Structure formats: structure tokens, C-alpha cells
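Have a look at the structure below before the remarks.
The values are calculated or read from the model by the stated rules, or taken from the named source; none is laboratory data. Everything numeric in this text was worked out from a predicted model, so none of it was measured. Backbone-built Cβ (ideal geometry, glycine too); neighbour counts: all protein chains shown.
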Amino acid sequence: MALTIDQPIEHKQQSLAARLFASQTFWVVIAVILACVFLSFATDAFATSKNLYNITRNITFVAIIALGMTFVIITGGIDLSVGSVLCLSSMILAVTMHAGYSIEVGILASIATALAIGAFNGVLIAYLGFPPFVVTLGMLSIARSLAMVASNNTVVFQFGPDHAKLLSLGGGAWVFGIANPVLYMILLALITGFILRWTKFGRHIFAIGGNEHAATLTGVPVRQIKVAVYMISALSAGIAGIIQTGWLGAVTTNLGTGMELQVIAATVIGGANLAGGVGTAFGAIVGAALIEVIRNSLGLLGINAFWQGVFIGGAILLAVLFDRIRNFRRSD
Amino acid sequence: MAVLELTNISRHFGAIQAVNDVSLSIEPGQVVGLMGDNGAGKSTLVKMIAGNFRPSHGTMHMDGKELILHKPAEARQHGIEIVHQDLALCNNLTAAANVYLGRELRRGVGPFRILDYASMYKRAGQLFAELKSETRPRDLVKQMSGGQRQAVAIARTMLSQAKIVLMDEPTAAISVRQVAEVLNLIRHLRDQGIAVVLISHRMPDVFTVADRVIVMRRGRKVADKTIASSSPEEVTGLITGAIEQV
């Protein structure tokens, strides 16, 4: 039978259902839903508006950075410095505002700091060929230390003339009673999803993660894009830092300690591949949600908080296990 | 008129003379087999045509005009396309995405431009149809056979108005059945008036598909003759040095 030209073009790889079942993100969504249903019946406290408000808000800080981390991980890189960058950005914001500057100046200084750190990471990685792991591990130490220097290791909780504005920015609920951080997260997720799917930049990020050599040979500006992804990652940490400062109303120098691991866990659980070439914005959010639901449920079920690490670590391994099983099946 | 003409091209790296005083011309719609042992200077010669290296001496002309290349992108602008030995494909992307890698189509105005998936799928589908390949634009490259992957890499060279396609060992690592597929792809390029330079170690491939064979040894061109007037035995002798020069 002769094929017309339109048949192969219209032919989709797999049906929608098959694609759905093959997607790690889909199974994580199911896990989150099942956990929520279970917790609604098992505990009285879960399905209360106050608890749901708390959960959704807690998801956001990890989720926002996970969005930025997704860019880095798709290129096959890693950014371990995000927790420290979050702390430094928060501290720069706090110190600037405490010194009497307006919230605009504070946010500008904070964002600029984050972007500068991201650019520094990116240039070392893309142009000087440093391994991302090492560069960002160094920055993890440097950024936190700079935060201590900036604040003289004190707690900042007075933010000058715009104090109230900052607290409302992070702690308010301007639309339909949804916590502001959740709104920011949704907005940033939409932007991330759009960039990854619809822009040349997004396409090139996937190409670099798939085969960096091929990307170079076909004229993709690999180095510039790598610098950009580390700047995006740092920027997302900066944004999360600003929002978290507004929500907490105080900044200490141990803010965001260990957060890089939660962020990477969220990204990986959501379906991003540390080897590069795979990742979605939705996956990052869902991964962050699963982690938070686990955390929250352990508390509600009265399980000792020390067990948290076991469950979150287990979720990471389980997510990757699904991925392995699918690969085994494919190679058969 | 020759689409590409090299005159007395040499290239040395320090004291090593990789390519020594090579002149050759390539006609449109001609398949030229470029043969030689490892280190004979094939790759260096091709890299000069592709814009990776500049010649130390000699000149290149394309359609009668002098051709000076500073980087690979310029070679592409002049209609010189390369199919790399490893094909330079991203496994995680679709066939169409790979065809358009680095020159994606977009629609929209000014800075608000988004990827034009529909046009890319359509055009990639047309290219695969022209190549008589069963490759489908939406398929992921990681699920493809060696022959289909070749089709993707070759379709890439047909996006712009290529005049000459350089193929580096396209049949080195694929199955016998797929070799036939690739040789067919080369014929399709030729039929469209595109000159193909086929760098290969495989004697049967060159004798099946090429019109002319050029043999290099130790940086020099030792033979340049039509396939009809040569034989695999002669070429083997030229490659190894058993036959000095013809």
C-alpha cells in the first residue's frame, strides 16, 4: 500500500493514554492524589482549609527553585548552590531594606546578586570547563558565607520603611484567598513550561542535554545557553528567597540549608533525568508537591519527624525505579 | 562549471604536512568517493572545505568565486553541508527537531516568536518523502534504526539549498541492509543536482555509488579517476602504496 505524505506526518508516536501511562509525572500525580484521599479519611486535620493552605504554600519555595533547577538538569548539569543563593538573596534584600532603602531597591539588589552568582557559576562551567558539581558545591559554601558577612551573622527582622509591603508580598493572599507564593509559583510554572515547549531557547536546552556535541556541531550556542540556565537557576532561588523573606518576616543565615537536596529530589521525582535531556515544569511542581504531602502526612499521622528523610529518600528511589522498569521493558 | 574547485591546497600542523598541494574539482550532481588510509589527510581536507580549518596555502573557489571560510557556519551559508560520522543527532528529540536543530522555524512578530511545530513537521515529512525514507517526523530518534538516523542527518543537509554534501563514513557502523538504504539516500541527493563527497573505507560502497574516486596517501592526491576506469584492486594498491601514483 502506498503511503501518502500526510499519513506519516499525522502519525503520532503513541496514543495519548499510552504516553500518559509511560510518563513518570503521571504516576507521581496519582501518588499525590491517592495520598491526599487517604489522608482526608485517615485524619481529621488534613482536609481542612488551614492545612491545605499551609501545604500549598509550603510547596511553593521548593517548587519555584525546582522550576529553575529543571532548566539546569535538562542540560545535564546540576546546581548545588541554590539553598545558599536563596539565603544570600534573602539577606541582601533584608540588609538593603533594613538600611532604609525601598522594597524596589531591595528586590533589585537581591535579584542582581542572584544573577551575578548564576553568571559566575555558568561562566566557570561553560567557558572554563569546570564540572558543574564542583563549581556549585564551591558556591554553596561561598554564598552562605557571604550571607553571614553581609549580616554579620545576625537575624534581620526589621525591613525599614517598606516593612509592611514586603510582608504582604510574601504572606498575603491577594486573589481568592490563595496564598501569594502559590500564585507566584503558578505564574512561574506557566512561564517555564512555555519556554521549554515553545521557544528556540527551550529546544536548545533539550538538545544540549541530549547530545551536547551534536548541539555544538549544528550551531547551537551551547556556552551562552549554559550560562543562561545557571543564571535562571540562581534567579529562581533569588525569587524564592524574596518571597520566603516576606512570608517569614525574618532572615537568618541558616535559611535554605539543605534545600538544594529537596529541590533536586522534587525535580527527579517529577520525572527529570539527571543524565539530561528530560524534564518538565509540571513535573517539578508535582515532585515538590509529593515531598510536601509526605512531610505533612507524617506529622498528621503522628509519625516521628525523624522518619521524614526515609520516606522522601524512598520516594526518590521509587520514582527512579519506575523509570528503570520502563527502560527494561523497552529494551526487551 | 565546477561547484567546488580546490587549487594547490596545503595544510600543515607545525612540522606535520597533513595535506600537501592537493587540487581537485567537483561537478554538480557528482558523487565523489574520497578514499585513503587513516592519516592520509582525508579528514583534514574535508575539514577545510567545511570551514573547521583554514588552508595554509592554496585557494578554494565555489561557482567560480573565491571561497574563504572562518567557521563552519559560513560554509553552511555557502551551501556546504556536512553529515558527521556520528551523525550529530539528539536522541531525546524528534526527527523533525533534529532536522531543524540550530535553525528552528518560528512564527510570530518581533521578540514574541514561538516554534512553528506544524511547519517543521510538514517540511521534515516532505524531505523524508523525497528521500524515500520511512522516517516519520514525530518519531524520537532514539527509537530509530541506523538507516533512519542517516535519513534524518541527510534531510538536515537538504533544508537549505545545499550545493555540496560532505559525508564522513556514513556506512561505517550500520547493518548491511541499512547500507543499501544509505546508498539510496546518496543517489537521491545526486539526482537533485547536489554534489556528494563520500569519505569511506568501504570499497564496495564507493564502487556502487560514486562516479569518481579520489585517493589520498600521506597528504597527497595519488589518484583521481572515474569509477569506470578504475578497479577495487587498483584503489587498494593506491591506498597502501603498492601502486605509487596514476
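Are any of the residues in segment A:98-108 at pLDDT 95 or above, among the aromatic types (F, W, Y), surrounded by fewer than 20 Cβ atoms within 10 Å (Cβ to Cβ) and on the phi < 0 side of the Ramachandran plot?
No, segment A:98-108 has no match at all.
Considering only residues that are surrounded by 15 or more Cβ atoms within 10 Å (Cβ to Cβ) and either at pLDDT below 85 or away from chain A (no Cβ under 14 Å) (or both), which ones fall in segment B:155-166? So that I can check it myself, show each step before the final result.
From segment B:155-166, those surrounded by 15 or more Cβ atoms within 10 Å (Cβ to Cβ) are B:155-159, B:162-166; that's our starting set.
Of everything in segment B:155-166, those that are surrounded by 15 or more Cβ atoms within 10 Å (Cβ to Cβ) and either at pLDDT below 85 or away from chain A (no Cβ under 14 Å) (or both) turn out to be B:M158, B:A162, B:K163, B:I164, B:V165.
Does segment B:107-120 include one or more residues that are aromatic (F, W, Y) and buried (at least 18 other Cβ atoms within 10 Å of the Cβ)? Even if it seems obvious, please write down each step before you answer.
Narrowing segment B:107-120 to residues aromatic (F, W, Y): B:112, B:117.
Among the residues that remain, those that are also buried (at least 18 other Cβ atoms within 10 Å of the Cβ) are: B:117.
Yes, segment B:107-120 contains at least one residue that is aromatic (F, W, Y) and buried (at least 18 other Cβ atoms within 10 Å of the Cβ).
So, in segment B:104-147, exactly how many residues are facing chain A (nearest Cβ under 7 Å), outside any strand (DSSP E or B) and touching a residue at least 40 places away in the same chain (Cβ under 8 Å)?
Here the count works out to 4.
Go through segment B:1-34 residue by residue and tally those that are on the phi > 0 side of the Ramachandran plot and assigned to a strand (DSSP E or B).
The total comes to 2.
If you go through segment A:86-125, how many residues are in a loop (DSSP other than H, G, I, E, B), closer than 16 Å to A:I242 by Cα and not aromatic (F, W, Y)?
Count: 1.
Would you confirm, using the coordinates I've provided, whether A:I64 is farther than 26 Å from A:G170 by Cα, buried (at least 17 other Cβ atoms within 10 Å of the Cβ) and within 18 Å of the chain's Cα centre (by Cα)?
Working: farther than 26 Å from A:G170 by Cα: no; buried (at least 17 other Cβ atoms within 10 Å of the Cβ): yes; within 18 Å of the chain's Cα centre (by Cα): yes.
When the stated conditions are applied, A:I64 does not pass them.
Working carefully through the options A:T218, A:T257, find the one that is of a type in the set (S, T, N, Q) and closer than 30 Å to B:L101 by Cα.
Going through A:T218, A:T257 in turn, just one is of a type in the set (S, T, N, Q) and closer than 30 Å to B:L101 by Cα: A:T218.
Given the conditions (1) closer than 25 Å to B:D37 by Cα; (2) of a type outside the set (F, W, Y); (3) touching a Gly at 6+ places or on another chain (Cβ under 7 Å); (4) at pLDDT below 90, report the number of the one that B:G102 does not fulfil.
All conditions pass for B:G102, except number (1).
Scan segment B:213-235 for residues that are surrounded by fewer than 21 Cβ atoms within 10 Å (Cβ to Cβ), out of contact with any Leu (no Cβ under 7 Å at 6 or more places or on another chain) and not in a loop (DSSP other than H, G, I, E, B) and report the count.
Total satisfying the criteria: 9.
Any idea which residue in segment A:174-222 is surrounded by the fewest Cβ atoms within 10 Å (Cβ to Cβ), counting only those that are over 20 Å from A:T70 (Cβ atoms) and more than 10 Å from chain B (Cβ to nearest Cβ)?
A:F176
Check B:A75, B:A96 and return the single one that is in contact with a helix residue (DSSP H, G or I) (Cβ under 8 Å, 6 or more places away or on another chain), of a type in the set (G, A, S) and at pLDDT 90 or above.
Details: B:A75 fails: at pLDDT 90 or above.
Just a single option satisfies the conditions, and that option is B:A96.
For A:K12, state whether it is at pLDDT below 90 and within 30 Å of B:E130 (Cα to Cα).
yes
Testing B:K47 on (1) surrounded by fewer than 18 Cβ atoms within 10 Å (Cβ to Cβ); (2) out of contact with any Leu (no Cβ under 8 Å at 6 or more places or on another chain); (3) charged (D, E, K, R), one condition comes back false. Which one is that?
(1)
So which of A:L188, A:L196, A:L167 is in contact (Cβ under 8 Å) with a residue 60 or more places away in the chain, within 28 Å of A:G106 (Cα to Cα) and touching a Gly at 6+ places or on another chain (Cβ under 6 Å)?
Exactly one of A:L188, A:L196, A:L167 is in contact (Cβ under 8 Å) with a residue 60 or more places away in the chain, within 28 Å of A:G106 (Cα to Cα) and touching a Gly at 6+ places or on another chain (Cβ under 6 Å), namely A:L167.
If a residue has to be in a strand (DSSP E or B) and farther than 26 Å from B:P28 by Cβ to count, how many in segment B:79-103 make the cut?
Looking only at that region, the number is 1.
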